[in-house]
Every structure is written in C-alpha cells, then in structure tokens.
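Quick note: the coordinates plus some simple rules give every number you see, no bench work behind them. The model shown is predicted, which means the values in this text are computed figures rather than measured ones. With ideal geometry, Cβ positions are generated from the backbone for all residues, glycine too; neighbour counts draw on all protein chains shown.
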Ligand code: HEC
C-alpha cells in the first residue's frame, strides 16, 4: 500500500515537472543567470554607443606583438625576398652545436624534399610528388642565409612556410646547415667553426628560451581557474624579460 502510494506520488510529480514543456515555445530556464550573465560578454554585440563597434572586445593597439612571436620585418613579396637576400644575416655564431642542431632539424623538416645532401633529390622528389625542388648550389638562385631564412619563414610556391614548426633560433640553425650543404655540393672547403665561447647570440638564445617558457607558463595559467593573484606570480618573469630586452638594446646600439 505504502509503495503504491509512493509510485503514484512519483508519477504525479513527474507529470507536474514535464507537463509545462512546450515543444515549440520557450520553456523555463533553470538559473537564468547562468545563461545571461550580468557582466558584458567579450564578443557579444551591444546596442548603443557604449562601446566602439558595439563590442566590448577591442582590437590590440597597433604594433602589438603577441606573446611567443617575434616580428619579422621583411615582407612576403618579391621585394621583401630580395631585401632579405641582400641584407639579412645570421645572428647565430657558426658553432658546432648550432650546426649539429641545424642538421637534425633539417633532416626532420627539409630532407624529405631537398634530400640529405641538399641536391633536391629527396624522397618526395624521387617519387615525383613534388616537382621543381632546386639543389642548394643552383647558380641561378644563388641562395644566401637571408634568402634561406626568408623562404623558411614565408614558404615559396610549392614549399610551405616553417614559421610555425620552428622558432627563429631554429631557423637560423637550419640556415647554417643549408649553407654547409651548399658548400659541399660546390666542393668548397668546410667553414671553420666559431668558438662556442663567442655566443654573441646567447642573448637571442636566452630570449627565446625565456619566451618559450613564458608561453608555456601563460598557457598553464590560462587553464588554471581564474581569480588567483597572477600579478605576483608574473612579476619575476616580467623583470627578467625587461632585463633581457635592455640587454639586447644596449647590444644593438
Ligand atoms: C614539400 C617539399 C619541400 C620541403 C619539405 C622543403 N622545401 Fe624548400 N623548396 C621546395 C621547392 C618546391 C622549392 C622551389 C620553390 C620555387 O622556387 O618555386 C624550394 C626552394 C627552397 C630554397 C630556394 C629558395 C630560393 O631562394 O630560390 C631553399 C633555400 C629551401 N627551399 C630551403 C628549405 C628548407 C631550409 C626547408 C626545411 C625547413 C625546406 N626548404 C623544406 C620544396 C620543399
């Protein structure tokens, strides 16, 4: 008897709960504040002139550089290519470490097309998947470290850009190795390694390491619950970063 009563109550309660449901109309929202927050939503459109463009989110200030990204001043155009070819030089010293790193990266990213020797006869060329891959000693092209960097950054026709897979430090390491291959193809003697101690690019290396650490750090922070006091946590990084850039500017002067 008791359980029958329970069953009836349960059915009655369920009926009450679902009976107001309309398939075609708007139904009640449970906790509407969860759907419609009182604060402005970043990307929603708002009427009136409260915000420029009616949107809370603003475009970054002109000249803003996003974290983890260094500006590259040469344009993706024929002119930019020629400029880079003539003027851009490798900031990394030609040390054994840098060249070995460059070789490893070259083998990962470039050899499949350009071949281990840089003669343009990589696996994809032999299988005729990609055509028109030049040898690095192609006289008509007369590649320079600047042009090598430029094509890695933007790509060139059938060759894609490597700006995402590699950072600028790695691209310069690869550029060293590509010139090595060019010299080998031409039968020229090996370039002598620079002393690892010179490390005039150590600030660049340090800068990139620091930047990568910051990117990782900020990704971690983003995924953490908000509301913690982030200022104190990032204060040390910012300090280091500004030290870094001071260092670089004084070097450039
Ligand atoms: C998918 C195949 C492919 C891969 C992978 C590839 N390249 Fe290329 N590369 C090409 C082709 C094709 C060209 C010729 C592009 C043209 O001139 O139309 C080229 C041209 C070049 C040139 C000559 C550009 C000039 O100034 O004329 C250089 C230098 C070069 N690649 C370097 C690299 C480096 C370094 C990597 C690795 C980071 C790489 N390539 C990866 C296909 C590839």
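If packing is taken as the mean number of other Cβ atoms within 10 Å per residue, what is the order of 123-134, 139-150, 17-28, 52-63, highest first? Each step should come with its number before you reach the end.
Working: 123-134: 12.3, 139-150: 17.2, 17-28: 7.2, 52-63: 9.9.
Highest-to-lowest ranking by the protection proxy: 139-150, 123-134, 52-63, 17-28.
If the convex hull of the alpha-carbon atoms of the stretch 78-185 is projected onto planes in all directions, what is the mean projected area in square nanometres?
Mean projected area of the Cα convex hull: 6.3 nm².
Return the distance in nm (one decimal) between the two label points of a simple spin-label model at residue 127 and residue 87, each offset 7 Å from Cα along Cα→Cβ.
4.2
Just report the Cα centroid separation between the stretch 77-132 and the stretch 1-53, whole Å.
When both Cα centres are located, 59 Å separates them.
Output the Cα-based Rg and Dmax of the stretch 5-149 in Å, rounding Rg to one decimal and Dmax to a whole number.
Over the stretch 5-149's Cα set, Rg and Dmax evaluate to 31.4, 95 Å.
Take residue 104 and residue 31, extend 7 Å from each Cα along the Cα→Cβ direction, and tell me the distance between the two endpoints in nm.
4.9
Taking N as the number of residues in the stretch 1-77, what value does Rg over Cα atoms divided by 2.2 N^0.38 Å take?
Compared with the compact-globule rule of thumb, the stretch 1-77 sits at 2.33.
Take peptides 73-86, 104-117 and line them up by average Cβ neighbours within 10 Å, highest first, as a rough protection proxy.
So the peptides 73-86, 104-117, ranked by packing, come out 104-117, 73-86.
Which distance in nm do the two modelled labels at residue 2 and residue 53 give, with both placed 7 Å along the Cα-to-Cβ direction?
In this crude spin-label approximation the distance works out to 6.7 nm.
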